[in-house]
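Read the structure below first, then the notes.
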């Protein structure tokens, strides 16, 4: 009984300590910026996130935006078994290159749909959120954004990705590849799906670029392109 009581008390202590640490962090943020500029802090972080979103979407939604970036979408690992066999069949020698091009083109089309979902999440940010983000790690705003948008964005993106894959003929082509593979004698029947993989990779690319922009604004004063950004993030330089 004493053992369980001790564990309960220890858990309560950890919870209290975590809450206390969070309260101290918020108080540090309030002391740093002053009570009168809390609204400015929230507005500044929202502006920084908006800049990150705009940069990510603008960069990745253009032709070859994904394909020629560090976020290039490759064929999923589970599909490599199919690719390695099928590319030996006449007519399918360039199967991997063709699929990679089609998947990245589909992601570029879908990226154009991301902005409104991000903007809605950014509008919901509270002053308490803003203070904890300001005093957090260099990717704190991006982590917040991923936490508040990822599920909605995934669900909103998936049909767009599916339509985009259809638009560039990727799904039809992939079905022909799988069909050719499944006709190979003694081959284990497989049918790896592309849409979930492309969706996840497309979103990871967007979040990575937002994170890059956030870190730039936090650490490089030349990237603070407005008076509001200079005021809010300049306080962290002191």
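Just so you know, all these numbers are worked out from the coordinates, no wet-lab data involved. Since the structure is predicted, the reported quantities are computational estimates derived from the model, not experimental observations. Neighbour counts are summed over all protein chains in view; Cβ atoms, including those assigned to glycine, are modelled from backbone coordinates with ideal geometry.
Consider residue 196 carefully, then state whether it is assigned to a helix (DSSP H, G or I), out of contact with any helix residue (DSSP H, G or I) (no Cβ under 7 Å at 6 or more places or on another chain) and loosely packed, with under 13 Cβ neighbours inside 10 Å.
It is false that residue 196 is assigned to a helix (DSSP H, G or I), out of contact with any helix residue (DSSP H, G or I) (no Cβ under 7 Å at 6 or more places or on another chain) and loosely packed, with under 13 Cβ neighbours inside 10 Å.
Can you tell me which of (1) surrounded by fewer than 18 Cβ atoms within 10 Å (Cβ to Cβ); (2) assigned to a loop (DSSP other than H, G, I, E, B) is the one residue 152 doesn't meet?
The failed condition is (2).
Against the condition more than 30 Å from residue 186 (Cβ to Cβ), outside any helix (DSSP H, G or I) and touching a helix residue (DSSP H, G or I) at 6+ places or on another chain (Cβ under 6 Å), how does residue 44 come out, does it pass?
Spelling it out, it is not the case that residue 44 is more than 30 Å from residue 186 (Cβ to Cβ), outside any helix (DSSP H, G or I) and touching a helix residue (DSSP H, G or I) at 6+ places or on another chain (Cβ under 6 Å).
Report whether or not residue 75 is out of contact with any strand residue (DSSP E or B) (no Cβ under 6 Å at 6 or more places or on another chain) and either closer than 25 Å to residue 58 by Cβ or touching a residue at least 40 places away in the same chain (Cβ under 8 Å) (or both).
The answer is no for residue 75.
Would it be correct to say that residue 157 is part of a loop (DSSP other than H, G, I, E, B) and either crowded, with 18+ Cβ neighbours inside 10 Å or at positive phi (or both)?
no
May I ask you to verify whether residue 222 is out of contact with any helix residue (DSSP H, G or I) (no Cβ under 7 Å at 6 or more places or on another chain) and over 23 Å from residue 61 (Cα atoms)?
yes
Take the stretch 213-230 and flag every residue that is surrounded by fewer than 19 Cβ atoms within 10 Å (Cβ to Cβ) and either at positive phi or touching a residue at least 40 places away in the same chain (Cβ under 8 Å) (or both).
215, 219, 225, 226, 228, listed by residue number.
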